[in-house]
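Colleague: Below you will find the structure I want to go over with you.
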Amino acid sequence: MMNIKKVLILNLVLICCQATLAQKPEIKAADVSRIIKTLSADDMYGRSALKPKVIAKAADFIANEFKQAGLKYFDGANSYRQNFELSRSKFTGGKLQINGEEVNPQNYVLSSTAKEVNWTRLPKTEMIGKDANFLAKFQSITQTPGDLIVMVDPSLSDLFKRVKAYLNRGTSSIDGKKLGSKLFVLGNQEPKSINAHFTHEISTVPLFNVVGVLPGKSKPNEYVVFSGHYDHLGIIKPVNQDSIANGADDDASGTTAVIELAKYFAQKKNNERTLIFVAFTAEEIGEYGSQYFAKQVNPDEVVAMFNIEMIGKDSKFGKNNAFITGYERSDFGKILQKNLEGTDFKFYPDPYPKQNLFYRSDNASLARVGVPAHTISSDQIDSDKLYHSVDDEFETMDISNITEIIKAIAISSTSIVEGKDTPTRVTGVQ
């Protein structure tokens, strides 16, 4: 018969073992389902960033999940919200003459948040030739400070029309006056003189990212970012009497991954580097949430960014895989795959290079300042009929697949989170 002392010791060991098992971090399909279902419900009204009172409900839900995970506030803030303002301008009229000749309004468009623009002296000029990647150039140009005239080769007229239609809906900026005005003109003549007058109606919209932090143990000043955008399109043109763009895949799925990873690493407690979990706003209207965030961190201290976008369905490669945008731009993907050795999961390079996906999500904002920032996705973007539609709903989500992708991200990020691996920096990002 055991003596009382041995029994007490055995009971203590059992209790400790049970506590350890209870604390083992898990990513559960039921919790994944709950979060996506909540974020994509009709009462979220499509989470439009331009409707602050509406999207606040989603922000509060995410903040509460961060609180439950035990995350700290970011950079001395007093809440999980990271507040900023978006300036919006609506073109109300104007006239343009270049080299003494009046330009047809169909052949120019202005990106500006100035109430009035008057040019009689020629600003700097950039010529975009027929072989240029105009959409990538456009993204870069609109984020570069100063005034600029951009002459776009007529062979790019179809892309120019897309840009014009986009800007005619209104120009937005978080840096208004600093960024200046950019005039895009369809034509290949070199400007020698200009006479321009444009007017805008200006308004501002309050925006907010949701940010939580898990401080690092031995490398607190080295940061790893896990992100997804929680905004979507809001209310759009009705289809079969449904006008709510629920955005279950885009990007409630990615936001859910961020929340689940926050809980996972908070329980695991082995992050030597500081982990930042951020749900970005305003991705759908220009990646403004991530642009603002990128200005609040020292990019040299951010060692990696795991941006998660649309992981709600199987990829073109089938189960147990996803792809990484900009795979060739750093060894980020190789590190992730190395950490997945012994599993059935695989990360592929982006199979849709013509879709320009590297620049179409929030990773681009940090990649532009050198961070090895990549997006992980499984969406078959070239054939996804639910993309940006009222049918992107919870019922179309493959919860099991989402859960496995989140688990794979958790495992694949291990050596980066623990401070053992540091991806190479990215360069040449426009």
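Taken together, the values in this text are just the output of simple stated rules run on the coordinates, not laboratory data. What you see is a predicted model, and the numbers here were worked out from it, not measured in a lab. Please note: Cβ atoms are built from the backbone with ideal geometry, for glycine as well, and neighbour counts cover all protein chains shown.
Colleague: Using helices alone, I'd like the mean residue ellipticity at 222 nm for the chain: each DSSP H run of four-plus residues gives -39500 (n - 2.57), total over residue count, nearest 500.
Modeller: -9000 deg cm²/dmol
Colleague: While we're here: Can you tell me which of Q267, Q106, Q291 moves the most in a GNM of the chain? Springs connect C-alpha atoms under 10 Å apart.
Modeller: It is Q106.
Colleague: Please give the net charge around A69, taking every other residue with its beta carbon less than 13 angstrom from that of A69, where Lys and Arg add +1 and Asp and Glu add -1. Please list the in-between numbers first.
Modeller: Working: positive: K67, K72, K263, K268, K269; negative: D31, E65, E260.
Around A69, the surrounding residues sum to +2.
Colleague: Which far-off residues, 5 or more places away or on another chain, put their amide H under 5 Å from the one on Y348, with H placed in the peptide plane?
Modeller: For Y348, the qualifying residues are A322, F323, I324.
Colleague: Also, I was wondering about something else. Around T403, what is the net charge, scoring Lys/Arg as +1 and Asp/Glu as -1 over all other residues with Cβ under 11 Å from its Cβ?
Modeller: Here the count lands on -3.
Colleague: May I ask you to evaluate 6.51 cos²θ - 1.76 cosθ + 1.60, the Karplus curve with θ = phi - 60°, for each residue of segment 252-269 and list the ³J(HN,Hα) values in order in whole Hz, giving x for glycine and proline?
Modeller: With coefficients 6.51, -1.76 and 1.60, one gets 4, 5, x, 5, 4, 4, 4, 5, 5, 5, 4, 5, 4, 6, 5, 7, 6, 6 Hz.
Colleague: Take H388, H229 and order them by how many other Cβ atoms sit within 10 Å, fewest up front.
Modeller: Arranged by neighbour count, lowest to highest, H388, H229 become H388, H229.
Colleague: Sticking with this one: Just to be sure I understand: with springs between alpha-carbon atoms less than 10 Å apart, which residue in A114, A279, A322 has the highest mean-square fluctuation in the Gaussian network model of the chain?
Modeller: Comparing A114, A279, A322 in a Gaussian network model of the chain, the most mobile one is A114.
Colleague: Which of the three applies to the chain, rounded, prolate or oblate, going by the alpha-carbon gyration tensor with a ≥ b ≥ c and a/c under 1.5 meaning rounded?
Modeller: Working: a/c = 2.16, a/b = 2.04, b/c = 1.05.
Note, shape of the chain comes out prolate.
Colleague: Applying a 10 Å radius around every beta-carbon, put 189-195, 220-226, 306-312, 249-255 in order of their mean neighbour count, most first.
Modeller: Output ranking for 189-195, 220-226, 306-312, 249-255: 249-255, 306-312, 220-226, 189-195.
Colleague: Considering only the chain, what is the antiparallel percent among its DSSP beta bridges, to the nearest 5?
Modeller: 55
Colleague: Specify the inter-centroid distance of segment 370-417 and segment 148-187, based on alpha-carbon positions, in whole Å.
Modeller: If we compute the Cα centre of each part, the gap is 31 Å.
Colleague: With the Cα gyration tensor of segment 88-204 in hand, convert its eigenvalues to equivalent ellipsoid semi-axes via √(5λ) and list them largest first in whole Å.
Modeller: Details: eigenvalues 78, 57, 35 Å².
In descending order the semi-axes read 20, 17, 13 Å.
Colleague: Oh, and also: When the chain is modelled as a GNM with alpha-carbon springs shorter than 10 Å, which of T375, T38, T403 fluctuates the most?
Modeller: Answer for the Gaussian network model of the chain: T38.
Colleague: While we're looking at this one, here's another question. Listing E284, E65, E395 from the residue with the fewest other Cβ atoms within 10 Å to the one with the most, what is the order? Working shown, then result.
Modeller: Working: E284 23, E65 26, E395 9.
Least to most surrounded, the residues fall as E395, E284, E65.
Colleague: Summing +1 for each Lys or Arg and -1 for each Asp or Glu, what net charge is found among the other residues whose Cβ lies under 13 Å from the Cβ of K263?
Modeller: The answer is +3.
Colleague: Where a ≥ b ≥ c are the square roots of the eigenvalues of the C-alpha gyration tensor, would you call segment 320-430 rounded, which needs a/c under 1.5, or, failing that, prolate if a/b is larger than b/c, or oblate?
Modeller: Taking the square roots of the gyration eigenvalues as a ≥ b ≥ c, segment 320-430 is oblate.
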